Amino acid sequence: MAPVSSVIPKGWSDKIVQESSVKKMIGESTGLKVDKIDLAEIAGCRYIFSSGGVQHIWNCSSEEGAIVKSPRGRDALFAQLAANPLPSISSDVVLEPLVLPDSDLED
């Protein structure tokens, strides 16, 4: 049986321009190994990406990110975003702020 593809939420795209560069930028910013960029915000600067089987949200403008605690899994998150698109995150999407690596270059 062929896998069912997720519905891409309105305002997002799964077509990532220069995906390897985006993965590198997010990886360097977060300290995480970026497995896949799942979605890019069409009229914004946010990405949803997978690291270690967990979805994360990264905002390139604010340089802030979050771990998606609920719903778990790509398909469940996509369905929730389709029902309640970001930036108006519904109470059904639970985020935990990412702790970023120290970027201070001074000792």
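The values are calculated or read from the model by the stated rules, or taken from the named source; none is laboratory data. Treat the numbers as computed from the prediction; the structure is a model and nothing was measured. Here the Cβ is made from the backbone with ideal geometry for all residues, glycine too, and neighbour counts use every protein chain on show. Side chains included, ligands, DNA and RNA excluded: accessible areas come from the protein's heavy atoms. Shrake-Rupley method; radii C 1.70, N 1.55, O 1.52, S 1.80 Å.
Annotations for the structure displayed:
- Taking the criterion of being under 14 Å from ALA82 (Cβ atoms), in contact with a Lys or Arg (Cβ under 7 Å, 6 or more places away or on another chain) and of a type outside the set (D, E, K, R), the only residue of region 1-60 that qualifies is SER6.
- Residue within region 67-76 that is open to solvent by 20 Å² or more (accessible area, probe 1.4 Å) and in contact with a helix residue (DSSP H, G or I) (Cβ under 7 Å, 6 or more places away or on another chain) present: yes
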